[in-house]
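The values are calculated or read from the model by the stated rules, or taken from the named source; none is laboratory data. Because the structure is a prediction, the values reported are computed rather than measured. Here the Cβ positions follow ideal geometry from the backbone for every residue, glycine too, while neighbour counts run over all protein chains shown.
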């Protein structure tokens, strides 16, 4: 018989041990609770690692030096560095990875164009740039409790692949190309209707 492994996560482990010896159901329930906690922590860590690797394509820009006029030339915090030269071009017949630089460029220009950027601003910018609005998704700007969301996520289904972006003043800008979910959507969870 294999020895039982226990995971203790509480300050009151003595109280739990006492309760477990008195009630075998409590012992099972407590083990199940700890297993779920450990599985959740490991799952969250794996998801965070996957997002870090997947979103590593965009890097944030270092602070730029002040210009000779005394104004700062640095971009908004968390925005990727734009390559010098002509802006990327939209290629409707191209692949999602080929259009990711244009997707990023469009979103960065929208973000730089205002102070309080919301999901509608991003969607309108992508539509004006040539992406199909009917293929877009966007998360809500406000949480169910009425607070401003820390970040917004947005996507465009493009030739059976997803161009996905995220923007938040505290989190910066990130983007990636990914396969659609089993639901044929790009974003996980509830999204905002694009009805304008």
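Observations on the model:
- Boolean, residue 113 is out of contact with any strand residue (DSSP E or B) (no Cβ under 6 Å at 6 or more places or on another chain), on the phi > 0 side of the Ramachandran plot and surrounded by fewer than 19 Cβ atoms within 10 Å (Cβ to Cβ): no
- Exactly one residue out of 141, 150, 132 is surrounded by fewer than 14 Cβ atoms within 10 Å (Cβ to Cβ), in contact (Cβ under 8 Å) with a residue 12 or more places away in the chain and more than 12 Å from the chain's Cα centre (by Cα), and it is 132.
- Condition broken by residue 120, with the remaining ones in (1) surrounded by 14 or more Cβ atoms within 10 Å (Cβ to Cβ); (2) modelled with pLDDT of 95 or more; (3) more than 18 Å from the chain's Cα centre (by Cα) satisfied: (3)
- Scanning the stretch 145-196 for residues that are more than 25 Å from residue 114 (Cα to Cα) and touching a helix residue (DSSP H, G or I) at 6+ places or on another chain (Cβ under 8 Å) yields a count of 7.
- In the stretch 124-144, the residues that are assigned to a helix (DSSP H, G or I) and touching a helix residue (DSSP H, G or I) at 6+ places or on another chain (Cβ under 7 Å): 125, 126, 127, 129, 133
- Residue 103 on the phi < 0 side of the Ramachandran plot, in a loop (DSSP other than H, G, I, E, B) and in contact (Cβ under 8 Å) with a residue 40 or more places away in the chain: no
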